[in-house]
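Below: the structure, in structure tokens.
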Amino acid sequence: MSVQALTCPRCGGNIKPSDRVCPFCGAALEITTAESAQHALRPQQLDWLNVGDYVRVAHPGKGQETAQVAGKVIYQELWQQVRGGPWVPTGGAFAGFWLETGALLLNWQDRYYILDQSQSTSDVNIARDFAPYAHQFGQSDQKAKVNFNYNSQRWLIVDIGKFNINAVLGDGIDAPVGAIGRFIHASGDGGRGLVVEDYESSGGGQDTVWQGYAIKATDVQKG
């Protein structure tokens with residue numbers, strides 16, 4: 001039986017399953033459940049929300065909705081300390097929650113989304129529909145105003161980046177632990193939000209385009 005090597009999300013040092021604090025940099029470590037069989041990072045927001053809990057979301061298109069959390073995914077943020085250098089963890093971790101209603105509640109940094117439309121896509125489609133605009137945005141150090149058309153709507157890129165899947169709990173999350181991907185976040189008219197997840201082909205998840213709404217932290221409450 002193969003054993004997956006565990007590394008500290010902050011410094012990358014080798015850690016043991018029994019460690020609660022990284023012996024190299026002192027970062028706090030947490031195991032969420034026995035079934036995850038791995039160290040799961042503590043997300044910076046929505047740490048109080050777990051599989052089986054009920055959450056109330058102020059949906060801009062549907063009003064107040066209460067739903068049970070069926071699945072939880074923790075994304076570990078990656079970055080390049082120098083352009084062209086290796087991708088390493090920033091120490092940041094953010095969570096997504098698959099709700100029984102079929103929507104994904106997602107937090108990334110200070111942004112929150114309720115995404116209730118999803119479409120599987122491919123590298124070919126991403127290269128055509130999104131990659132040129134993401135490249136333009138990245139070349140400007142994410143300062144340029146980059147718009148693009150998708151699904152008969154106009155979108156403005158607000159963020160791009162890279163992540164890996166640190167933990168998957170419960171049901172409904174179509175990505176394995178350890179998968180690495182890139183993301184594009186964009187905003188549209190009427191508070192609309194768009195999220196692209198583009199996974200690497202080796203052992204990655206399903207490339208997906210999510211659409212829904214951008215919401216506020218205060219729009220998410222215990223159910």
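Taken over region 54-222, the alpha-carbon convex hull comes to 117 cubic angstrom per residue. The Stokes-Einstein estimate for region 49-143, based on a Kirkwood radius over Cα pairs and taken at 4 °C with 1.567 mPa s viscosity, is a diffusion coefficient of 81 µm²/s.
The Cα atoms of region 147-220 cover 35, 29, 19 Å along the three principal axes, with the biggest extent listed first. Ellipsoid semi-axes for region 109-174, based on the Cα gyration tensor and the rule √(5λ), read 23, 16, 13 Å when sorted largest first. The order of the peptides 63-72, 142-151, 81-90 by mean Cβ neighbours within 10 Å, most packed first, is 63-72, 142-151, 81-90.
Values quoted throughout were computed directly from the atomic coordinates according to the rules given, and no laboratory measurement underlies them. Just so we're clear, the structure is a prediction, and the values are computed from it rather than from any experiment. In this analysis, Cβ positions are derived from the backbone assuming ideal geometry, glycine residues included, and neighbour counts consider all displayed protein chains.
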